[in-house]
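Read-outs throughout are calculated quantities, based only on the coordinates presented, and are distinct from any laboratory measurement. What you see is a predicted model; the values in this text were computed from it and never measured. Here the Cβ positions follow ideal geometry from the backbone for every residue, glycine too, while neighbour counts run over all protein chains shown.
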Amino acid sequence: MSNPSFRPRLQLFIRYREYTLHGWHLSYFSGKTRGYLNFKNLDFKDKNVNAYDLMYRIPKKTGATVMPAIQTKQGEWLQDSSIIMEELDKRHPESCVTPSTPKQLMAAMLLEAWLDEWWIPIGMHYRWSYPENYSLFLNDASKGLLPFVPNVLRKPVATKIAGRLRNYLPIAGVRKEQFEMMERWTNKILDAFELHFTLYKFLLGDKPSIADFALLGPLYGHLNRDPAPKRDLLDVRPNLQNWVERCHAGEGKQGAYLKDDGIPETLTPIFQAIFDEFYPMVDEIVIKLKGYVADNNKESGDHITRSVGDISFPMDGDRFSRAGLPYTVWMMQRIQNCYQSLTSEDQQQVDSWSQEYGQYTFLDRDLGPELKRSAVTTRLA
């Protein structure tokens with residue numbers, strides 16, 4: 001028979017952390033979230049997601065089989081890296097990572113959306129198109145999923161999961177005929193980041209923003225960890241590699257963004273790519289989304305399919321094809337809503353900046369029917 005008086009004594013020796021991060025080091029969005037938590041210096045436990053967490057506990061609490069997820073000491077669960085940062089910045093406003101000035105705010109949000117949504121095929125290509133990366137993934141995934149199971153038994157489970165992930169590659173745009181285009185584009189953009197980080201510690205100055213942590217997504221868990229891209233892309237760009245290390249470690253707490261709402265000129269090729277390539281991608285998704293809503297008689301509150309079909313858009317002078325995700329439109333509507341909340345004077349400052357890239361105002365583009373996030377999918381508002 002248990003002794004009730006023993007439980008309070010036992011709790012004296014158990015330290016409950018304020019937050020628990022459920023994720024993997026090889027996970028795209030776990031790296032983004034972990035870097036943020038480190039920077040905020042929050043009291044958190046870094047917990048590897050096991051099979052029970054991934055298949056039962058997290059879906060039950062968040063509505064999706066995803067990582068990362070944040071669990072609070074009070075039992076609350078948060079999901080989606082952007083929402084996690086937004087919510088925790090409200091609860092811990094010190095060292096806020098969302099810029100307060102209009103141009104830097106819009107720039108950071110645009111960078112975050114681009115890094116979250118555009119870069120997924122890049123990270124997946126460099127992981128799954130190079131067989132030398134497989135052993136690291138299988139080792140990490142098997143240990144994470146089944147930590148107490150003998151290696152001979154857990155490797156087949158990880159292999160099965162790897163197979164499922166590879167089946168998703170064509171949907172994401174990782175198609176053999178597009179490999180050369182993707183790699184040419186990636187090297188060009190990484191060169192721009194390498195130049196930028198010769199002059200600046202972070203994207204908008206000496207302090208990281210939501211944009212920096214979004215850049216950790218493809219770089220920490222994928223390009224600077226998987227053997228092939230680490231050797232070919234990051235080891236040859238030491239300034240970018242040093243940025244990965246200091247951003248993930250949470251450095252920059254005493255820093256500041258550029259004065260006078262400045263945007264570094266070294267980011268010009270990055271924003272040109274966003275306006276010339278990412279925005280047309282969003283346009284194509286909106287067209288497909290409108291057709292899907294009309295054809296299926298969708299009404300307010302109705303669930304929207306994860307993908308609305310294949311789309312094609314510019315990438316480095318060619319055309320890139322992948323599935324169009326309405327979730328991307330929700331991310332852009334979030335930015336547009338933020339723009340609309342600015343004063344008219346602040347909007348004019350943002351418009352003046354965006355005009356440099358041929359984008360007249362943030363309200364120029366029709367972003368389709370209003371969406372609401374629903375775990376990793378969307379619903380009609």
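For the chain, the longest principal axis of the Cα atoms and the long axis of helix 81-91 meet at an angle of about 80 degrees.
Each listed q (0.20, 0.32, 0.35 Å⁻¹) maps to a log10 I(q)/I(0) for the stretch 131-172, found by the Debye formula over equal Cα scatterers with no solvent: -0.59, -1.08, -1.17. Restricting the stretch 255-321 to GluC sites (Glu not before Pro) that sit in a DSSP loop and have at most 14 other Cβ atoms within 10 Å of their own Cβ leaves Glu299. Annotation: amide H of Leu342 has no partner in the under-5 Å range at sequence separation 5 or more or interchain, hydrogens built in the peptide plane. Beyond 24 Å in Cα-Cα separation lie the following of the pairs Lys47/Lys372; Lys259/Lys372; Lys143/Lys188; Lys32/Lys207; Lys103/Lys201; Lys45/Lys103: Lys47/Lys372; Lys259/Lys372; Lys143/Lys188; Lys45/Lys103.
Basic side chains Lys and Arg get +1 at the Cβ, acidic Asp and Glu get -1 at the Cβ, and with that the dipole of the stretch 261-362 about its Cα centre reaches some 520 debye. The Rg/Rh ratio of the stretch 85-235, with Rg taken over Cα atoms and Rh as the Kirkwood radius over Cα pairs, comes to 1.03. For the stretch 189-319, the spread of Cα coordinates along the three principal axes comes to 51, 39, 28 Å, biggest extent given first.
By other beta-carbon atoms within 10 Å, ranking Leu234, Leu342 with the fewest at the front produces Leu342, Leu234.
Across the alpha-carbon set of the stretch 12-91, the Rg to Rh ratio works out to 0.94, Rh being the Kirkwood radius. Taking a ≥ b ≥ c as the square roots of the Cα gyration tensor eigenvalues, the stretch 178-218 comes out oblate, since a/c reaches at least 1.5 and a/b does not exceed b/c. Taking amide H as placed 1.01 Å from N in the peptide plane, the amide H of Phe202 sits under 5 Å from that of Lys207, each at least 5 places away or on another chain. A simple rule links phi to the HN-Hα coupling: the Karplus curve 6.51 cos²θ - 1.76 cosθ + 1.60 with θ = phi - 60°, which for the stretch 363-371 gives 9, 4, 8, 7, 9, x, x, 5, 10 Hz, with x for Gly and Pro. Residue-wise HN-Hα couplings along the stretch 163-174, as the Karplus relation 6.51 cos²θ - 1.76 cosθ + 1.60 with θ = phi - 60° gives them from phi, are x, 5, 5, 5, 5, 7, 4, x, 4, 6, x, 7 Hz; Gly and Pro carry x.
For the stretch 242-285, the C-alpha radius of gyration sits at 1.62 times the compact-globule guess of 2.2 N^0.38 Å, with N the residue count. Restriction of the chymotrypsin sites (Phe, Trp or Tyr not before Pro) in the stretch 14-79 to DSSP coil positions whose beta-carbon has at most 12 other beta-carbons within 10 angstrom yields Tyr16. Can you classify the chain as rounded, prolate or oblate using the Cα gyration tensor, where a ≥ b ≥ c are the square roots of its eigenvalues, rounded means a/c under 1.5, and otherwise it's prolate if a/b beats b/c and oblate if not? Rounded, since a/c falls under 1.5. Basic side chains Lys and Arg get +1 at the Cβ, acidic Asp and Glu get -1 at the Cβ, and with that the dipole of the chain about its Cα centre reaches some 2360 debye.
Working note: Karplus 6.51/-1.76/1.60 with θ = phi - 60° gives the stretch 112-123 the couplings 4, 4, 4, 5, 6, 9, 7, 7, 3, x, 5, x Hz, where Gly and Pro are set to x. Across the stretch 257-342, Cα-Cα pairs farther apart than 21 Å form 45% of the total.
Angle, helix 134-145 long axis vs. longest principal axis of the chain, Cα atoms, 0 to 90°, nearest 10? Helix 134-145 sits at roughly 50 degrees to that axis.
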